[in-house]
Structure formats: structure tokens, C-alpha cells
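Student: Sending over a structure as C-alpha cells; questions will come in a sec.
Computed from the coordinates by the stated procedures, all read-outs in this text should not be read as laboratory data. Fair warning: this is a prediction, and the values are worked out from it, not measured in the lab. Virtual Cβ from ideal backbone geometry, glycine too; neighbours counted across all protein chains shown.
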Amino acid sequence: MPALASLDSACKILTEVGFCIGDVPDFAKYYSAVKFWKKVKSLKNFQGMGRSVLLPAFELFNALKSSQTPRWAKAVAIVALGYLILPLDAVPDISLGAGLVGDLLALTTAIQAIAGYVTPKVTRDATANVENLLQTVLHRTQFKLVPGQ
């Protein structure tokens, strides 16, 4: 199955696995592949906590894309990633990373729920995604000129 790129495809999966509109938290509607990539690119700039959110986020994203993941598990991933992407949550992410604690909790809880589908390959691919994303930050900061040198 191709990556879920739209809200329509995400909602279709949620409906097929028996979620009613009233059952799905509002943050599920925030998921899309485009919004996911925008969010993780913003997290790479946070120190410590933001970076710790990246691996579980990519594990869920890669499990979501896998043809081996059943629809119910994809629904769990959609809801958790939607929470991550949600522009406003209980504690905003910009409050010195404190808001990322809620995001990390949502992501790790979802991973525990679908643990059988977060395979070693999914984790390897997620690790490579994080390394590639962080490598772009390293390359940008590595060659800055310091005045007087």
C-alpha cells in the first residue's frame, strides 16, 4: 500500500476498522504525510527532547507505510501521528520542549499498542530517517565561519 498522503485515506482506514467520527479524537484529522514531514523537520532543531521524539515518530510513520501492518494498527499510528502534528495541544511544543513530553508519551503508547508491527526493519528504517534528517543539520552548522578566524 502506498504511503497515506491524505486525510481522506487516513479517515477511510479509521472508518474501515470500526471507528466512528465521535470515537476518533479530533487530532486524527491532522495527519497527512506532508504535515508529518513538516513537523519532524521542525523537531530536528530542538535540543534533546525534540530529537528523542523523532525515532518513535518515524517508527510509526514507517509502520503505517508497511503493507504488513493491519488496518487497525495503521489507525493507531494515524491517531498518534495526528496528535504529534496537532498545532495546539495541552502543553505547546515551543514551551522549551516541555510540550514534547505529551507527544513522546502518545507516540510510545501507540508503539506499545502495535509493537508486533514495529519490526526490526521498521526500526532500522526509522533510525536511518532520523540520522539523515539530523545529518542535514550537522552539514549546515559544520561550516559556519566564525568572525576573527
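Student: Using the Karplus equation 6.51 cos²θ - 1.76 cosθ + 1.60 (θ = phi - 60°), what ³J(HN,Hα) coupling, rounded to whole Hz, does each residue of region 54-60 give in order, writing x for Gly and Pro?
Tutor: Those phi angles translate into 5, 4, x, 5, 5, 4, 5 Hz.
Student: Something else about it: Give me the net charge for the shell around Thr119: Cβ to Cβ below 10 angstrom, other residues only, Lys and Arg +1, Asp and Glu -1. The partial results should precede the final answer.
Tutor: Working: positive: Lys121, Arg124; negative: Glu59, Asp125.
Overall, the nearby charge balance is 0.
Student: I would also like to ask the following. Going by average Cβ neighbours within 10 Å, how do the peptides 112-124, 68-80, 51-63, 30-42 rank, with the highest at the top?
Tutor: 51-63, 68-80, 30-42, 112-124
Student: Further, regarding this structure: Note down the nm distance, to one decimal, between modelled labels 7 Å out along Cα→Cβ at Arg71 and at Lys38.
Tutor: 2.9 nm
Student: Let me ask something else. For Gln112 and Arg124, compute 0.36 nm times the residue count separating them, minus their Cα-Cα distance, and round to one decimal in nm.
Tutor: Contour length minus the Cα-Cα distance gives 2.6 nm.
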